[in-house]
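Please treat every number below as a calculation from the coordinates, not as lab data. As the structure is a prediction and not an experimental result, all values here were calculated from the model. All Cβ positions, even for glycine, are placed from backbone atoms using ideal geometry, and neighbour counts span all protein chains on display.
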């Protein structure tokens, strides 16, 4: 049952919601929200936005907010972006398209380098002075989901590499899509960006969308006995760039 939204509540929210149209779909962007983040023991204040894919395209935001209370939001993609500095107007900005990793980002798993890349990207952005980290919620396991990722891990414990495990489960190696994140990026900034990535597919996605790319910053580190094969597979089979000799030490 939908509840009537109180006028004072809507007065707070109405100017903080934006509609981004994508053909016959809607992306609703809410924010910015001031978000103090603990980054290596220091508090850094980011501006946080969240976006929602929804099946109704309208600028009647009051109607949309009222409908959300009776919707199963777990069925909708909800990703977000942390923005630092004057992201819209600064001449140079770093961005990171970061795929959610439940095990690495939350639990600190050493089987991958995702948690390290998350923190290091935020550090690079703050040191640079301007940038944004896009946190993409439907990218778990390169798009196969958390349950399938757990099964892929079991296969990896029995000799399969990352790519082989995904493919044996019937998935492609990488099914991630950056379309919605790129729409949000274009809404927040039109000037060139520098990507923090080792993955040429991310560069290609941004360039194909017509956004200006100033360059690329590689991000390798936190290499250990637990993730060395995983990282080597990224280079050998997924085309990731500039590992150098760090995997052969």
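For the range 90-143, what does the relative contact order come out to in percent, with C-alpha contacts under 8 Å and a separation of six or more?
53
Taking other Cβ within 10 Å of each residue's Cβ, how do 55, 24 sort, fewest first?
In order of increasing Cβ crowding within 10 Å: 24, 55.
Set the Förster radius R0 to 45 Å, insert the Cβ-Cβ distance between residue 168 and residue 67 as r into 1/(1 + (r/R0)^6), and round the FRET efficiency to 0.05.
E between residue 168 and residue 67, to the nearest 0.05, is 0.65.
Give me 134, 107 ranked fewest to most by other Cβ atoms within 10 Å of their Cβ, as a rough exposure proxy.
Fewest to most other Cβ atoms nearby, the residues stand as 107, 134.
Tell me, in nm to one decimal, what length is gained between residue 177 and residue 119 on full extension, where the rule is 0.36 nm per residue of separation less the Cα-Cα distance?
Residue separation times 0.36 nm, minus the Cα-Cα distance, leaves 18.6 nm.
Any idea what the alpha-carbon Rg over 2.2 N^0.38 Å comes to for the range 84-192?
1.23
For a Förster distance of 45 Å, can you work out the FRET efficiency between the beta-carbons of residue 241 and residue 8, rounded to the nearest 0.05?
0.30
What FRET efficiency, computed as 1/(1 + (r/R0)^6) with R0 = 45 Å and r the Cβ-Cβ distance, is obtained for residue 158 and residue 78, rounded to the nearest 0.05?
0.85
Between helix 179-188 and the chain, what is the angle of the helix's C-alpha long axis to the longest principal axis, kept within 0 to 90° and rounded to the nearest 10?
60
Under the Kirkwood approximation for Rh and a Cα-based Rg, what ratio Rg/Rh is obtained for the chain?
On the Cα set of the chain, Rg over Rh gives 0.98.
Would you mind calculating the relative contact order of the chain from Cα pairs under 8 angstrom and at least 6 residues apart, reporting the percent as a whole number?
For the chain, the relative contact order is 17 percent.
Using helices alone, I'd like the mean residue ellipticity at 222 nm for the chain: each DSSP H run of four-plus residues gives -39500 (n - 2.57), total over residue count, nearest 500.
One gets -9500 deg cm²/dmol as the mean residue ellipticity at 222 nm.
Starting from 0.36 nm per residue, how many nanometres of slack lie between residue 228 and residue 16 once their C-alpha separation is accounted for?
Extending this stretch completely gives an extra 72.0 nm.
Given the range 43-153, what percent of its DSSP beta bridges are antiparallel, to the nearest 5?
Among the beta bridges of the range 43-153, antiparallel pairing accounts for roughly 65 percent.
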